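Before any comments, here is the structure.
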4 protein chains.
Amino acid sequence: MDIGIIGGSGYTGGELLRLLSGHPEANVTAVTSRSRKGQKVSDTHTHLRKIYDLDFEDLGAEDVAARADIVFTAVPHGTAMQVVPALLDAGVKVIDLSADYRLKAEIFEKVYKIKHTDPRDAVYGIPELHPEVAEQSFIANPGCYPTGASLAAAPLAAAGLIELAIFDSKSGISGAGAEPTEVSHYPNMAENIQAYKLTSHRHRAEIVQELTRLEPGLKKISFTPHVIPSVRGILTTAHIFVKRELSAEEVNGIYGDFYQDKPFIRLIKGIPMLGSVRGSNFCDIGFEVDKGSNRIVIISAIDNLVKGASGQAIQNMNLIFGIPETTGLWTPGIAP
Amino acid sequence: MDIGIIGGSGYTGGELLRLLSGHPEANVTAVTSRSRKGQKVSDTHTHLRKIYDLDFEDLGAEDVAARADIVFTAVPHGTAMQVVPALLDAGVKVIDLSADYRLKAEIFEKVYKIKHTDPRDAVYGIPELHPEVAEQSFIANPGCYPTGASLAAAPLAAAGLIELAIFDSKSGISGAGAEPTEVSHYPNMAENIQAYKLTSHRHRAEIVQELTRLEPGLKKISFTPHVIPSVRGILTTAHIFVKRELSAEEVNGIYGDFYQDKPFIRLIKGIPMLGSVRGSNFCDIGFEVDKGSNRIVIISAIDNLVKGASGQAIQNMNLIFGIPETTGLWTPGIAP
Amino acid sequence: MDIGIIGGSGYTGGELLRLLSGHPEANVTAVTSRSRKGQKVSDTHTHLRKIYDLDFEDLGAEDVAARADIVFTAVPHGTAMQVVPALLDAGVKVIDLSADYRLKAEIFEKVYKIKHTDPRDAVYGIPELHPEVAEQSFIANPGCYPTGASLAAAPLAAAGLIELAIFDSKSGISGAGAEPTEVSHYPNMAENIQAYKLTSHRHRAEIVQELTRLEPGLKKISFTPHVIPSVRGILTTAHIFVKRELSAEEVNGIYGDFYQDKPFIRLIKGIPMLGSVRGSNFCDIGFEVDKGSNRIVIISAIDNLVKGASGQAIQNMNLIFGIPETTGLWTPGIAP
Amino acid sequence: MDIGIIGGSGYTGGELLRLLSGHPEANVTAVTSRSRKGQKVSDTHTHLRKIYDLDFEDLGAEDVAARADIVFTAVPHGTAMQVVPALLDAGVKVIDLSADYRLKAEIFEKVYKIKHTDPRDAVYGIPELHPEVAEQSFIANPGCYPTGASLAAAPLAAAGLIELAIFDSKSGISGAGAEPTEVSHYPNMAENIQAYKLTSHRHRAEIVQELTRLEPGLKKISFTPHVIPSVRGILTTAHIFVKRELSAEEVNGIYGDFYQDKPFIRLIKGIPMLGSVRGSNFCDIGFEVDKGSNRIVIISAIDNLVKGASGQAIQNMNLIFGIPETTGLWTPGIAP
């Protein structure tokens, strides 16, 4: 399939290119970047030297659509809504990696304080929770934190068992993007950990949307993110209080059933860690029951740039085109 | 004052030496290590070259006591109880950095699965919470996690306001000690974060002891530790659910009153981070009220080896001897 | 082809498995480990969960040979010479990742202070320098440092131009293996850099062997290694003094000609760095001429576990079997 | 003594403040920053909260001079020459941490491509090499790389023994300053090492100036810097070729004599590393003779912000005022 990438100079663009280089049916035909127009893609993404011989182009949506069967939009929120309509009108499939279509428009406007100019519905692309992905031509690719948090708690939510869910998430700094900032300045981040948006991170709205869809009455959902001195990965510590005491066996059964036949979910006996999923599309999940307290601590580990962004986008692409969802993604992480 | 250190080859021993080198009244007269007997202290602690010209000795408790006004025991739990009685019998003051005397003996035995051979009472040495430290000759120096967690939540507990407290703590790897292990192996720890003892870490008992002392009816206290790729520091994210909605102003007032005149507590408007306290005895505390949910997220940051161990021990020493608690400790952290 | 791995629990074993999982013609039939016999391979290499469903076995050389067309020996030096003869006698091809067959036996014995019990010749497997690899059934896979250093200097040596070569190399800590040690202890390695074996590292002998083969009269070759706080990679800074002043254009021409048609060598205009080659089999090379001093500073960057070990071993395997050398290896590094 | 700091918002300014807080005779009376005028110093340098209660001011040189006995100028090169004349005219002592006065004016202009507007002589402030510091009122504080390199090689240069000196230096990223850049962006620096200015770094001119002063005929001096994933520190690997073969004993004697009575030089038997000097003013030096090659590999380790900048500035200040050079600086590094 012919593929266009709108906004290819950032980390999610680079990661799409990295992963697609190993995809047997993918053929990247256009990569856009306004600011780097005319430069070699591999001058920005130096790990892709010799792998791609492409230049960044400054193309309109129609021009990209004309070369592609599917287009990934990897642009800032607020920008995607400006190109998606033209792409869809041109008849190509679209996977949007921005936040623009993840939430219902009225919620989006409240959370992002931006007027939505294209309030259309999109399927929320966590394939493990949304099998309807397979028949779509337009997918809103989820945020990195919500992917890790939702996958950690979904089986319990689907069973209607959650009373209170506190997600304490720890992300690698690549989640903040390729532009140097105060937070990403090496001397500020090394030997440190920075909590931020203690109660009000925008990704909370996605988590709420997903979990209350599965468990309609669920009200108490908290989310606190942190940045750790790691480049990639999100470890989510989900402190879940359930409505009745559950044994470890019960929880095992609930998760095993729920994620049966989901290739990228690995339920493990130990405690997941970033080191096992780095560079891969896997989500490792493990848990421990806190006896006598109705609390279950569930840990999920993903690579924020893969399962939390570009890998999941390709998984969605595979499903849209009716090929096995693991195509081009069945690669292990890199360790150590 | 003449000072002996029993067990000086580990990180807390090294940190005692580092901090005491700048203490105007401290004179270290003995540092013991069985395995490194006869070696220079600065061959192990190479940052102390030219600062100390001492050798490790293999001395009994009485021999150390004979040279000292006060002795720090920086030995593994289970070992301290074998030397503390002789030290106290010899009439010296003792600050024990192990876990042996932090908990009531019967609780210690349950938590540590060790028979306690010296079930005596000791004052739990968080001076901000235990003003009675000043009159003691024997102090149980607290664990690193409980110091960060208790200081974060104590004002609300003392006000009887906590309904549920979840401590999600992130520690530097130095907390695991100077001996190489699987967890501390650089390739395992770099670019990673490892949750462990999700519901059953032994330090939870100290946190429970402190907070229920302040708020007797408090039952729901959870604690989950993580190790992050940082050498020093503990950041504690305290997800506190309170009995009634509190405004930020109220919380500010409660904390301001509670920690009035406590020199090492810094209440800050932003969000504390390890980078501000590294190498220092300060504990930075900040918070955010999650409007409409009765949840307050409180962040505390300490250096696990200073306020979480050796610095706090010296603070206790100062108070015991009736000198200003900041003596030798009023040094800023090191940043960047 | 059916593949056996003798000694599969370490980093080079894990990396062989990772890379072979994407190789279209590879079929791993046996992975041995005496100490982990009966355990799942993916309990040790947790990133390989769901990718491999293999157990470690404790098998003799003949048993491995019976299941394989080719065997990789990833065992400590001194051990390989105990299994290689039986493997070759059994008629399988062998690629030895240890040091045992890299040097002539008499030099090996001097450098490693071990009696060589199987002094047979092997081709030294840097394929870019040894096209004869293609016809072999036994390859001595090179050391990580010598790969980076030799590739950096070989074109100048082949032109007979080097007067003095000083290799100042910086390696990630994974080169020291999977066993925790003092050096690899996170608090010792973080925020640090450790020079070691300032003048006498054993890998120097390999560099000397390769460069003097290309430039027989070359005598002055120095090598000093360092470990940096990075998991993977070797950056080699080659301070080369040449016999006559060379312009940048000349050097460009020499390198371009020498590495023509070598797919894994990327000659770049800027300065190579580890971040561009992590996880890949590429070797990036760049240089700067120090005008007026006959000095050229050449930088090469490799991933020590890939081009410096397991990737190069698979490249050799491909050549031995007459398939394109890039098979299964034409994957970009992972960045950021 | 009353102290003014012009340009206090960067790392060297922060480090001056950190170190001066423990100096028994120092009293900081003014800290300037144009861009942060009116802000609390401890809002920028958060580790200094409660230690300093000062605001940044936007003051002219005369105003600072009026409040101070000595002024540190910690401003970019090109800027210092605009304030130093007025400070000296006002009669205060000045230590300039910029590059403006380190080189003779005509060399400065060539190296920095800036017209020098105040070509006055200053003593080059490495006190171990310039005892004349003690009688000065104006000091050019050396660059970080030249401090580490010059101290490593000075004894051999003073003995007239160096034939060729190659300095391969590895610096922490804090040397690049407090402003976020591409190089200092965490994902770019982590798990990486970046060589730069392979043959033409501006600090080379300082090294040449110092070593040729000691050994007039010395011509061959090369310098190649690297940035490593560490915040602080410079490790210099000096590959020195000497005019005649030297034994380890001879080298020991030369260094021991040369650095006799220099408190901040620690000659060690092992190999220096950053971990031993972090946060301190020490320079650790060790070496190994490469038998049979006239090469000596000398390693020096300093903290770039202390001995490489602010600590050395305070050492110079002490000497200028006739107090022991160790005053306020006799503190160990921080480890681990």
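The values are calculated or read from the model by the stated rules, or taken from the named source; none is laboratory data. Because the structure is a prediction, the values reported are computed rather than measured. Cβ coordinates were reconstructed from backbone atoms using ideal geometry, including for glycine residues, and neighbour counts include every protein chain displayed. Note: areas computed on protein heavy atoms with side chains; ligands, DNA, RNA excluded. Shrake-Rupley method; radii C 1.70, N 1.55, O 1.52, S 1.80 Å.
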Determine which member of the set C:PHE258, C:PHE287 is over 16 Å from A:ARG49 (Cβ atoms) and either without any contact (Cβ under 8 Å) to a residue 24 or more places away in the chain or buried (at least 21 other Cβ atoms within 10 Å of the Cβ) (or both). C:PHE287
Note down all Cβ pairs under 7 Å where the first residue falls in the stretch A:82-96 and is free of Cβ contacts under 8 Å to residues at least 40 places away in the same chain, the second is outside any helix (DSSP H, G or I) and surrounded by fewer than 24 Cβ atoms within 10 Å (Cβ to Cβ), and they're at least six residues apart or on different chains. A:PRO85/A:ASP118
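Only one of B:THR32, B:THR73, B:THR117, B:THR44 is outside the structural domain of B:ALA152 (by TED's automatic domain parsing), surrounded by 15 or more Cβ atoms within 10 Å (Cβ to Cβ) and out of contact with any strand residue (DSSP E or B) (no Cβ under 8 Å at 6 or more places or on another chain). Can you tell me which?
Criteria check complete, one pass: B:THR44.
Conditions (1) among the aliphatic types (A, V, I, L, M); (2) away from chain B (no Cβ under 14 Å); (3) in contact with a strand residue (DSSP E or B) (Cβ under 8 Å, 6 or more places away or on another chain), marked per residue:
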position	(1), (2), (3)
A:VAL277	yes, no, yes
A:CYS283	no, yes, yes
A:ILE298	yes, no, yes
A:GLY311	no, yes, no
A:GLN315	no, yes, no
A:GLY322	no, yes, no
A:GLY333	no, no, no
Sort out which residues of the stretch B:201-243 are more than 8 Å from every other protein chain (Cβ to nearest Cβ), over 16 Å from the mean Cα position of the chain (by Cα) and part of a loop (DSSP other than H, G, I, E, B), and write them in order of number. B:GLU215, B:PRO216, B:GLY217, B:LEU218, B:LYS219, B:LYS243
Please pick out the residue among C:VAL277, C:VAL251, C:VAL306 that is within 24 Å of C:ALA205 (Cβ to Cβ), open to solvent by less than 10 Å² (accessible area, probe 1.4 Å) and of a type in the set (A, V, I, L, M, F, W, C). C:VAL306
So which residues in the stretch D:8-27 are aliphatic (A, V, I, L, M) and touching a Phe, Trp or Tyr at 6+ places or on another chain (Cβ under 7 Å), if there are any at all? D:LEU16, D:LEU17
Among the residues of the stretch B:1-32 satisfying the criterion of being aliphatic (A, V, I, L, M) and free of Cβ contacts under 8 Å to residues at least 60 places away in the same chain, which is nearest to the other protein chains (Cβ to nearest Cβ)? B:LEU17
Would you check which residues across the stretch C:202-222 are in contact (Cβ under 8 Å) with a residue 60 or more places away in the chain, under 18 Å from C:VAL111 (Cα atoms) and not polar (S, T, N, Q) and list them? C:ARG202, C:HIS203, C:ALA205, C:GLU206, C:ILE207, C:GLU210, C:LEU211
Condition met for D:GLN312 (open to solvent by 10 Å² or more (accessible area, probe 1.4 Å) and polar (S, T, N, Q)): no
Give the residue that is nearest to C:GLY177 (Cα to Cα), with candidates limited to residues of the stretch B:180-200 that are in contact with a Phe, Trp or Tyr (Cβ under 6 Å, 6 or more places away or on another chain) and of a type outside the set (A, V, I, L, M, F, W, C). B:TYR186
Could you please find all residues in the stretch A:185-200 being hydroxyl-bearing (Ser, Thr, Tyr), under 29 Å from A:LEU129 (Cβ atoms) and facing another protein chain (nearest Cβ under 7 Å)? A:TYR196, A:THR199
Does at least one position in the stretch A:55-74 carry a residue that is within 13 Å of chain C (Cβ to nearest Cβ) and of a type in the set (S, T, N, Q)? no
Looking at the stretch B:247-257, can you tell me whether even one residue there is at pLDDT 95 or above, over 30 Å from B:TYR11 (Cα atoms), in contact with a helix residue (DSSP H, G or I) (Cβ under 7 Å, 6 or more places away or on another chain) and of a type in the set (Val, Ile, Thr)? yes
Are there any pairs, at least 6 apart or on different chains, whose C-beta atoms fall under 6 Å, with the first in the stretch A:109-121 and within 22 Å of A:HIS201 (Cα to Cα) and the second open to solvent by 90 Å² or more (accessible area, probe 1.4 Å) and not β-branched (Val, Ile, Thr), and if so, which? A:VAL111/A:ARG202
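Quick check on this structure: which one of D:LEU329, D:LEU319 is in contact with a Leu (Cβ under 9 Å, 6 or more places away or on another chain) and in contact (Cβ under 8 Å) with a residue 40 or more places away in the chain? Spell out how you get there, then give the answer.
Values: D:LEU319 fails: in contact with a Leu (Cβ under 9 Å, 6 or more places away or on another chain).
Unique residue meeting the criteria: D:LEU329.
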Take D:ARG49 and tell me if it is more than 14 Å from chain B (Cβ to nearest Cβ) and either of a type in the set (D, E, K, R) or within 26 Å of the chain's Cα centre (by Cα) (or both). no
Give the stretch C:263-275 a look and list any residue that's free of Cβ contacts under 8 Å to residues at least 24 places away in the same chain and more than 9 Å from every other protein chain (Cβ to nearest Cβ), or say none. C:LEU267, C:LYS269
Among (1) surrounded by fewer than 24 Cβ atoms within 10 Å (Cβ to Cβ); (2) over 30 Å from D:PRO336 (Cα atoms); (3) within 14 Å of chain C (Cβ to nearest Cβ), which single condition is D:GLU182 missing? (2)
So B:ALA66, is it of a type outside the set (D, E, K, R) and under 24 Å from B:PHE282 (Cα atoms): no
Counting just the residues of the stretch D:185-200 that are part of a loop (DSSP other than H, G, I, E, B) and in contact with an Asp or Glu (Cβ under 9 Å, 6 or more places away or on another chain), which one comes out most open to solvent (accessible area, probe 1.4 Å)? D:LYS197
Tell me which residues, restricted to the stretch D:243-255, are touching a residue at least 40 places away in the same chain (Cβ under 8 Å) and farther than 22 Å from C:PRO225 by Cβ. D:LYS243, D:ARG244, D:GLU245, D:LEU246, D:SER247, D:ILE254, D:TYR255
Residues satisfying the stated conditions in the stretch D:141-177, i.e. more than 17 Å from the chain's Cα centre (by Cα) and among the hydrophobic types (A, V, I, L, M, F, W, C): D:LEU156, D:ALA157, D:ALA158, D:ALA159, D:LEU161, D:ILE162, D:LEU164, D:ALA165, D:ILE166
Identify all residues within the stretch D:135-177 that are buried (at least 23 other Cβ atoms within 10 Å of the Cβ), within 14 Å of chain C (Cβ to nearest Cβ) and not small (Gly, Ala, Ser); write none if there are none. D:ILE166, D:PHE167, D:ASP168, D:LYS170, D:ILE173
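Please work out if A:PRO85 is open to solvent by 10 Å² or more (accessible area, probe 1.4 Å), within 14 Å of chain C (Cβ to nearest Cβ) and at pLDDT 95 or above. Full working, then the answer.
On the way: open to solvent by 10 Å² or more (accessible area, probe 1.4 Å): yes; within 14 Å of chain C (Cβ to nearest Cβ): no; at pLDDT 95 or above: yes.
Against the criterion (open to solvent by 10 Å² or more (accessible area, probe 1.4 Å), within 14 Å of chain C (Cβ to nearest Cβ) and at pLDDT 95 or above), A:PRO85 does not qualify.
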Identify the residue in the stretch D:285-296 that is in contact with a strand residue (DSSP E or B) (Cβ under 9 Å, 6 or more places away or on another chain) and in a loop (DSSP other than H, G, I, E, B) and, among all such residues, is nearest to the other protein chains (Cβ to nearest Cβ). D:SER293
